[in-house]
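Q: First the structure, then my questions, so here it is.
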Amino acid sequence: MRAVILAGGLGTRLAEETELRPKPMVEIGGRPILWHIMSHYAAHWVTEFVIALGYKSEVIKRFFVEYTRYIGSLSVKLADGAIHHHEPVGVDWTVHLIDTGLETNTGGRVRRVRDWVKDGTFMLTYGDGVSDVDIQALLRFHRQQGKLATVTAVRPPARFGELQFDGALVAAFNEKPQTGEGWINGGFFVLEPSVIDYIAGDSDSFENDVLPRLVAQRQLAAYRHEKFWQCMDTLRDKRLLETLWQEGRAPWRAA
């Protein structure tokens, strides 16, 4: 089972952080959000990744090429540059870093990695959102439905606090309520390889072009996830995720 992660966008809504690095490399707790997403998959036994690159792809490539050099204690033999690690790296992932073009849309990026996912069911998500979704339960649901695609549907937290009234008095105040109406695309897809046949080319948006085509053919199932999900679209989102991590309250944190 491989997980494709879309990591090629410009991240313009988080320009304060993405001028020098792609959004998936913006750090939460000292590690890129991309690493957090991959760690969540790995905790559910998905350890092979296809990263669809675009904007500032060299930053992501450098991170993985140099990953083991900076983990734990090590000894360096200066005469020949040999490095000896004194502790295990802690991860056993295979990461395929695939350039999918600077201007390619989300659907086009999936189409460009088709050779890496053509052999069977695969997962797909965005490089800027974390969740505590049960990946194995999601996969079981997908197989039970027998459709070409499954999307994880979420109800994001409301931006403002919620007041509940008892006459003129406030009966309850919920600082971070989950919105009670409407479900949105939370990423964390499970797809069959034939989904790629629904993608016409580089300009196709996975959300605006491909998903509606699947809906029209009744081939898109929805796995409803009631618990934590949070994207990182703005600096405010980034600060929220950082606070959760630093306070030990990050629901997506692998055990």
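The values are calculated or read from the model by the stated rules, or taken from the named source; none is laboratory data. Model, not experiment: these values are computed from the prediction. Backbone-built Cβ (ideal geometry, glycine too); neighbour counts: all protein chains shown.
Q: Only one of 203, 194, 131 is at pLDDT 95 or above and more than 30 Å from residue 47 (Cβ to Cβ). Can you tell me which?
A: It is 203.
Q: Please note which strands (runs of 3 or more DSSP E) are completely contained in segment 59-168 and include at least 2 residues that are buried (at least 17 other Cβ atoms within 10 Å of the Cβ).
A: Because the criterion is at least 2 residues that are buried (at least 17 other Cβ atoms within 10 Å of the Cβ), the strands (runs of 3 or more DSSP E) in segment 59-168 that meet it are 94-99, 122-126, 129-131, 149-154.
Q: I'd like the residue in segment 18-49 that is under 13 Å from residue 128 (Cβ atoms) and of a type outside the set (A, V, I, L, M, F, W, C) and, out of all such residues, is modelled with the lowest pLDDT.
A: 18
Q: When only residues in segment 211-228 that are assigned to a helix (DSSP H, G or I) and among the aliphatic types (A, V, I, L, M) count, which is surrounded by the most Cβ atoms within 10 Å (Cβ to Cβ)? Working first, answer last.
A: From segment 211-228, those assigned to a helix (DSSP H, G or I) are 211-216; that's our starting set.
Add one more test, that the residue is among the aliphatic types (A, V, I, L, M), and what stays is 211, 214-216.
On the way: 211: 20, 214: 18, 215: 11, 216: 10.
Filtering segment 211-228 for residues that are assigned to a helix (DSSP H, G or I) and among the aliphatic types (A, V, I, L, M), the one surrounded by the most Cβ atoms within 10 Å (Cβ to Cβ) comes out as 211.
Q: Something else now. Within segment 186-210, track down each residue that is out of contact with any strand residue (DSSP E or B) (no Cβ under 6 Å at 6 or more places or on another chain) and not in a loop (DSSP other than H, G, I, E, B).
A: Of everything in segment 186-210, those that are out of contact with any strand residue (DSSP E or B) (no Cβ under 6 Å at 6 or more places or on another chain) and not in a loop (DSSP other than H, G, I, E, B) turn out to be 193, 194, 196, 197, 198, 206, 207, 208, 209, 210.
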